[in-house]
Amino acid sequence: MPRPTRFLDIALWLAILIAVTLPGASARALPNGIEDRDERYPFVVEIAQRGRMICSGTVLYPRVVVTSAHCVQHVAKAWGKRIYVDSYLQPDELFVHVFKQGRMRSYAVEAVNVAPEWRENDTSQWRTARLPHDMAILVTAAPIDVELPLGKADAMGSSLPRPATTGPGRRGLLVAYGGLTCATAEDCSNAGIRRYRPVKIKDAAECFKSRLDREAGLHETLWCLDENVLPGDSGGALLIEDDDEVLRYVGVISAQRGLPPELAAVFGRRESAATALSANRAFIEEVTRSLGYGPASSDP
């Protein structure tokens, strides 16, 4: 098979990495998203670098915040494009902002952990195999006092829903801090507000149907959604209804499927991808258990 052109190489690689910093020209994030004024989802937080919002995140345990790996990855420029390199932000550059009862509290970050499969596959920038592992865990210096998405600190359980076994049409929500409308990257004053957007789960086998997608098992490891997301939303939460119509935290907003923002409008696909927690269970458990979280443990 002939190798794509240099331009397509970059475009393909950037497809999963569109959501760092604020949105680009004429961008919309969580279109028509509903502001979370009633604080239904306080566990979805803002990730900031040196005081500037870069992504969203989810408080899984009191000192554990899950976000996207590319959110904490350094960016270089080549051929006029943003290229993500195998270098990551340091803990002292990052803060977690929690909004509760109209007030913001900042939490210092003590450690940054990136999914090992994400880093192992970094030798090829657009390698499909790394896409299901776009996940990082930030460890805060102090516990964050919010209601947790799992209900209690040992409730991760062994039955996390998986994309391949969850039928299409299941209802869910995306929750994140991306702007509602942004004229330019510098003109996005309404970013940094927690919003939620109803979505439906699509058939992952239909969304990820190329040979490379199948070989990488993307239909098993990525949620496919019927809504676009854009910069600022990465790292936010995907919640879906279980059989009892209770919303469960199952995935991390990763990217709009297919193309970076400047090209997405050409194709007009209403699809986005979320990294499945179930595909990264070993990584999550290794980090959380080292902090004393998980089954048969007490909070540190």
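The values are calculated or read from the model by the stated rules, or taken from the named source; none is laboratory data. Just so it is clear, the model here is predicted, and its values are computed rather than measured. Counting neighbours? That spans all protein chains shown, and the Cβs are built from the backbone with ideal geometry, glycine included. The area values use the complete protein model at the heavy-atom level, side chains included, leaving out ligands, DNA and RNA. Shrake-Rupley method; radii C 1.70, N 1.55, O 1.52, S 1.80 Å.
Some points to look at:
- If the chain linking residue 212 and residue 103 were pulled fully straight, counting 0.36 nm for each residue of separation and taking away their Cα-Cα distance, it would gain 34.6 nm.
- As a rough guide to protection, the peptides 38-49, 55-66, 199-210 ranked by mean Cβ packing within 10 Å, highest first, stand as 55-66, 38-49, 199-210.
- Segment 40-123, accessible area per residue, ligands and nucleic acids excluded (1.4 Å, Å²): 45
- Between residue 75 and residue 52, the distance separating the two model label sites (each 7 Å from Cα on the Cα→Cβ line) works out to 0.9 nm.
- Shape category assigned to segment 53-106 from the gyration tensor of Cα positions, a/c cut at 1.5: prolate
- Inter-label distance for residue 245 and residue 205, nm, one decimal - labels placed 7 Å from Cα along Cα-to-Cβ: 2.9
- Around residue 101: net Lys/Arg minus Asp/Glu count, Cβ-Cβ under 14 Å: +1
- With a cut-off of 9 Å between beta carbons, the residues surrounding residue 198 carry a summed charge of +2, where Lys and Arg count +1 and Asp and Glu -1.
- Which of 243, 86 is most accessible, then next, and so on - probe 1.4 Å: 243, 86
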